[in-house]
Structures are given as structure tokens and as C-alpha cells.
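Read through the structure below, which is laid out as C-alpha cells, and then see the notes.
A short reminder: the numbers here are calculations on the coordinates, not readings from a lab. This is a predicted model, so every value here is computed, not measured. Cβ: placed from backbone, ideal geometry, glycine included. Neighbour counts: every protein chain shown.
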Amino acid sequence: MAKPQPFAGIPNRVIDHPDFNKLSGNEIRLLLWFAYQYKGKNNGKLCAVWSQVKHRGFKSQTTLSNAIKGLRQKGFIELAKGNALTQSGRTPNYYAVTWEKVDEIRGFEMDLKPTRTALRTFIDVIDNPKP
């Protein structure tokens, strides 16, 4: 039997959600980049730095910054660990996709705590229950 090939997956419930239709093309491109990085146990250690994405259709660092801002504002990603200045230089921001639980990653301390469930289900009756 052949070894399964990795894939970048976004659940149907996320794509079918009305908020997905409000994403710009660059936001969708960036969301795919985060999905590409997610391997099932590293949610919270996903990053998008210019050197990674400049060959993936992003035309400027401003475009990348705007896509990150849009995904955060629209609830598709959360900041898991902010950048810091270390002796070896500046570390990047790290993010988590909201449709998966935030993973505990050995040796990697995050500002966002690991969770047992997804930060957002993309099922309105669960995410926004009526009183």
C-alpha cells in the first residue's frame, strides 16, 4: 500500500460558511498556506513570513500583512505567539487555524493556550447560540 500523501485541507463546513465568501483572494491564498503547513499536531506553530510566501502569489509585504489582518478579524486564524527579539534575531508571529484545536507542542511555548476543541466550529448554532 502506498504511503498517504500530505494535503492541505479546509473542512467543507468552513468553506460553506458565509464568512468564507467574505474573504479576499489574498486571504484565501494565505488560508491555504496555513492549511498546507498544518500537519495534525502543530496548530499554533503556523507562520507566514515574506520569505515563505513571496513566491506563492503575494506581491508585497503589505499585501501579506493585510491578508493576515483580514483572516484574524474574520475569525479564521488566531495569533498563537507574537514575535520577539532574541540574541539570534527576531522570531516570527505564529498562528493557529480556528477550525482545529490548538495543539500542545513540546518545547514551544505559546501565548495562546492549547485547547481540547476548535476555537471556532463554523457551525453558527454552536458558535453563536441564541439566548
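Placing +1 on the Cβ of every Lys and Arg and -1 on the Cβ of every Asp and Glu, with no other charges, gives the chain a dipole of roughly 300 debye about its Cα centre.
Taking Lys and Arg as +1 and Asp and Glu as -1, the other residues whose beta-carbon sits under 15 Å from that of residue 77 total +3.
A simple spin-label model places pseudo-atoms 7 Å from Cα toward Cβ; at residue 74 and residue 24 they are separated by 1.0 nm. Can you bin the range 41-116 into rounded, prolate or oblate? Criterion: square roots of the alpha carbon gyration tensor eigenvalues sorted a ≥ b ≥ c, rounded for a/c under 1.5, prolate for a/b above b/c, oblate for the rest. Here the range 41-116 falls in the oblate category.
Selection among 57, 67, 37 by position relative to the dipole of the chain gives 57 as farthest towards the positive end (Cβ unit charges, Cα centre). Close amide-amide hydrogen proximity is noted between residue 101 and 118, each under 5 Å apart and 5 or more residues distant or on a separate chain (H modeled in the peptide plane; Pro and chain starts excluded).
Relative to the current alpha-carbon distance between residue 62 and residue 91, full extension at 0.36 nm per residue lengthens the span by 8.6 nm. Please work out the FRET efficiency for the pair residue 101 and residue 32, using the Cβ-Cβ distance as r and a Förster radius of 22 Å; give the result to the nearest 0.05. Working from the Cβ atoms, E equals 0.65. A rounded overall shape is assigned to the chain, the ratio a/c of its alpha-carbon gyration tensor axes (a ≥ b ≥ c) being less than 1.5. As a length-normalised measure over Cα pairs under 8 Å and 6 or more apart, the relative contact order of the range 14-127 settles at 27 percent. Extension gain, residue 115 to residue 52, is 19.9 nm, computed as 0.36 nm per intervening residue step minus the present C-alpha separation. The listed peptides 62-72, 45-55, ordered by packing as a protection proxy, come out as 62-72, 45-55 (highest mean of other Cβ atoms within 10 Å first).
Excluding same-chain neighbours fewer than eight residues apart, the aspartates and glutamates reachable from residue 74 by a Cα-Cα span under 19 Å are 16, 19, 27, 100, 124, 127.
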